[in-house]
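Colleague: Before I ask anything, let me first share the structure, which is written out below as structure tokens.
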Amino acid sequence: MNERVRQLLLQTADDELVLGWRDSEWTGIAPVLEEDVAFSSIAQNEIGHARALYQLLSEDADALAFDRAPAEYRCSPLVELRFVPDWARTIARRVLYEAADELRLAALKESADAAVAGLAAKIDREEAYHRMHAEMWRERLRDEPRYRDAVEELWPYARGLVDEEQRAELASRLELEEVEPVERGTHAGDWPALWDEMTVVRRSVPGAAW
Amino acid sequence: MIYEVFRRERKGVAFEHAGSLAAPDEAFARAYAHEQYGRRGESVALWVVPRRSILEVEDFVDELNRNYHRVDGYSLKAKLKEARERAGTAAPAADS
């Protein structure tokens with residue numbers, strides 16, 4: 001596996017892990033019960049995708065997921081932002097993320113590495129339901145000012161989430177103007193606290209076998 | 001709005017009532033049914049029906065007690081036993 005593919009897989013895995021973590025913050029407090037179940041399930045799927053991707057990269061997926069220093073994570077600032085209890089921004093992030101993730105997965109599915117292409121196809125089959133979920137919420141909230149403001153606010157982050165050659169396509173699919181992207185490589189102000197909580201059990205007993 | 005969900009466990013078997021869910025429209029109902037009655041591989045197909053589309057029939061009055069109309073009102077087994085007793089013949093042995 002070449003370094004470019006490794007980096008892309010690591011970015012994708014980190015995005016999925018951290019977004020899964022953020023979305024799991026809605027478990028038990030979503031606006032309606034049915035959505036609580038659906039949203040929690042999607043969050044769990046994303047963490048499952050991260051796990052499978054880390055396993056392609058390393059014998060020890062847990063170490064990759066939890067034992068790196070905060071600055072070493074390659075996730076986009078988009079997935080790090082904490083939105084609870086703001087449902088409009090949470091949905092806007094899901095809609096933007098799913099569109100970006102679809103483009104990224106499409107490229108990974110074309111990989112010459114059969115393991116990478118196979119896993120991307122498998123993940124994409126599950127993402128189809130996430131996209132359906134995002135689409136129905138987008139339809140429902142499209143005229144809601146809070147949702148529209150949230151899309152505008154988060155769009156530069158989503159644009160920076162995908163590779164440069166996919167950015168024009170992403171803008172056209174989302175019917176949004178091209179803007180200055182928030183690039184990957186910097187972290188959001190919400191990140192250190194998230195990392196701290198996400199790794200607290202691993203760090204509590206270093207090297208333990210559970 | 002409330003939707004009733006029926007699920008088919010595997011190909012060839014009948015749909016059975018699985019439960020209900022609340023959703024604002026059909027798209028949400030479809031997605032929520034998928035999540036709640038299908039994501040663990042427990043169903044191969046679902047029917048998602050608005051509760052108000054279900055015609056409910058529950059008035060089964062029988063003022064004149066015409067129990068011979070009912071499937072449980074006419075026991076062939078009991079009648080046969082009486083007839084055999086009148087005729088003085090025993091029931092044939094099970095293995096004959």
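No lab work stands behind these numbers, since they all come straight from the coordinates. The structure displayed is predicted, hence computed values, not measured ones. Positions of Cβ are backbone-derived with ideal geometry, glycine not excepted, and every protein chain shown enters the neighbour counts.
Colleague: If a helix is a whole DSSP H run, which ones in chain A reach 15 Å or further along their own axis (Cα) and hold a mean Kyte-Doolittle hydropathy of at least -0.5?
Modeller: A:33-57, A:87-109
Colleague: On to the next question. P(r) of the stretch A:3-204 in 5 Å steps, Cα pairs, percent per bin?
Modeller: For the stretch A:3-204, the pair-distance distribution reads 1, 7, 16, 21, 22, 18, 10, 4, 1, 0.
Colleague: Give me the percent relative contact order of the stretch A:3-204, please, defined on Cα pairs under 8 angstrom at least 6 residues apart.
Modeller: 24 percent
Colleague: May I pose another question? At each listed q (0.17, 0.27, 0.29, 0.31 Å⁻¹), what is the log10 of I(q)/I(0) that the Debye formula gives for the stretch B:2-53 modelled as equal alpha-carbon point scatterers?
Modeller: Debye output, listed in q order: -0.44, -1.01, -1.12, -1.23.
Colleague: Just want the answer: with Cβ charges of +1 for Lys and Arg and -1 for Asp and Glu, which residue in B:Ala14, B:Leu46, B:Ala31 is farthest toward the dipole's positive end in the stretch B:2-53?
Modeller: B:Ala14
Colleague: Excluding A:Arg4 itself, calculate the net charge of residues whose Cβ lies under 12 Å from the Cβ of A:Arg4, where each Lys or Arg counts +1 and each Asp or Glu counts -1.
Modeller: -2
Colleague: Using amide H atoms built 1.01 Å from N in the peptide plane, name the residues 5+ places from B:Ser20, or on other chains, whose amide H lies under 5 Å from its own.
Modeller: The list, which skips near neighbours in sequence, is B:Val5.
Colleague: Work out the mean other chain Cβ neighbour count within 10 Å for the residues of A:134-141 and drop it here as an integer.
Modeller: Mean partner-chain Cβ count within 10 Å for A:134-141: 3.
Colleague: How big is the charge dipole of chain B about its Cα centre, in debye rounded to the nearest 20, if each Lys and Arg gets +1 on its Cβ and each Asp and Glu gets -1 on its Cβ? Write down the numbers at each step before the final one.
Modeller: Working: 16 positive and 16 negative charges, 89 e Å.
For this selection, approximately 420 debye.
Colleague: Follow-up question, since we're still on this one. Normalised by the residues of chain B, what does the relative contact order come to in percent, with Cα pairs under 8 Å and at least six apart?
Modeller: Relative contact order comes out at 24 percent.
Colleague: Then there's this: Rg/Rh for chain B to two decimals, with Rh computed the Kirkwood way over all alpha-carbon pairs.
Modeller: 1.32
Colleague: Output ³J(HN,Hα) for the stretch B:34-47: one whole-Hz value per residue in order, computed from phi by the Karplus curve 6.51 cos²θ - 1.76 cosθ + 1.60 with θ = phi - 60°, and x for Gly and Pro.
Modeller: 3J(HN,Hα) across the stretch B:34-47, in whole Hz: 4, 5, 8, 10, x, 6, 9, x, 7, 9, 9, 7, 10, 10.
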